[in-house]
Structures are given as structure tokens and as C-alpha cells.
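Coordinate-derived values only; no laboratory data. Predicted model only: the values in this text are computed from it and were never measured.
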């Protein structure tokens, strides 16, 4: 009888220990996820622009925002005077973007990096901008060339892609903007003809109409620009705040 009680006591103790360990693991995972979700850079809000614009019979307020994407923090400081206190990885200048709802927002992105090959050539196409075009160094285009059958045939630097899931409180929203890469040779990056980037990068300009209901969305790069792990989706690609972030529409 005492042996039976002893076995029951052991089973109870084991069950309690398992529960305690389980709670500890869950708490640890929760803490890790919460830490990973914290923004490593300040929010960047679009600035209001005077005037309005009429599109398809509707009138929209106007706003503007400027971002940069760099091979590392040294280039951010050198070319745009942006101080970034993060790892020496490829990165955008900001992670959390704030946009006004129901507004015509014009983005300007300065891109200073090279490129390789997209996994999916869908992302070399412009989707979701006004007119489905982007202005690249003064020329409107609906895509960036990306011929995977030709050596150096893909001219995509990175992408700026906004997306989210539709809910009862917000609308679905999808924007994809391929950025034009800076060419490279044996001496490094080849100078460009874009004076706005000190002849070191390209300027991409486009406009979007933000959802009229507001909401929380995410942005990320769809170009595999991380280190050699996970099919180049490690390092900067898997760490929040480098090639991914969120968009608050309010």
C-alpha cells in the first residue's frame, strides 16, 4: 500500500514539475517574442503636404515620406546623414512607418545597394501604387528587369512590400515596389548618374492611396538579402527592423 502511495506521489510530483517547466518555457518564448517585436529605431511619420488631389472622383489629402536602404550603417551616415545603431547588415533606415489614412502618400526611397537574383519574379513588378508605376531616377516604369536566364539579368536591388490580412476592422492592402540595384564591378559599386544620392544610388518615387479604415500592416523586403543561412533569409532577413517592419495607418 505504501508502495502504491509512493508511486502516486512520484507521479504527482512529476506532473507538477512538468507544468512548472511548461509555464517557464511559455513565459520564456513570450518574453523572446516580445523582445523581438520591439522597434530598434524610432517611428517615422509621413509629413502633410499642402493641397489635395482628385482621383476617380474622390479628393485626397497629400503627405510625403522618405526612406533609405543601405548596405550597412556606414553608408546610411555617409550618404544621408542617418545614424543607425544596429548591426552591420543591409538595412532600411527605419522599421516603424506611420501614415495617415485615406491619403495620397508619396514615398521617396534612396537605394544604395547592389542585388542578386529574386526567388520569384512576381516581385520585380510594381503593384498597388497609383498608376502601378514607380519613377526610377526620373523615368516611370512598371517593373524592374529580371531575366533569370541571363547572367546579371536581374536588376532588382531590394523590394519594399506592404501587406496584411483583412479583418473586420481593416481592409486588405498590398503594395510591391522593386528597387533598382546599383551595378558592381571588380572595384565595387559603379557610380550612378543620380545626383540626389551623390551619384552612389538610385531614387525611387511612387505614390499610394492609404486605406480609409486605417489599421496595422507589415512591410518587408522580398529579396533574399540575408547571409548564407536559410537560403539567404538569415541575418538581416530574419531579424526584425532591418529588412522588415510595420506600417501603422491611423
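How many angstrom lie between the Cα centre of segment 47-106 and the Cα centre of segment 163-181? When both Cα centres are located, 16 Å separates them. Considering only alpha-carbon pairs that sit under 8 angstrom and 6 or more positions apart, the relative contact order computed for segment 40-249 is 24 percent. Within segment 40-249, antiparallel bridges make up roughly 75 percent of the DSSP beta bridges whose residues both belong there.
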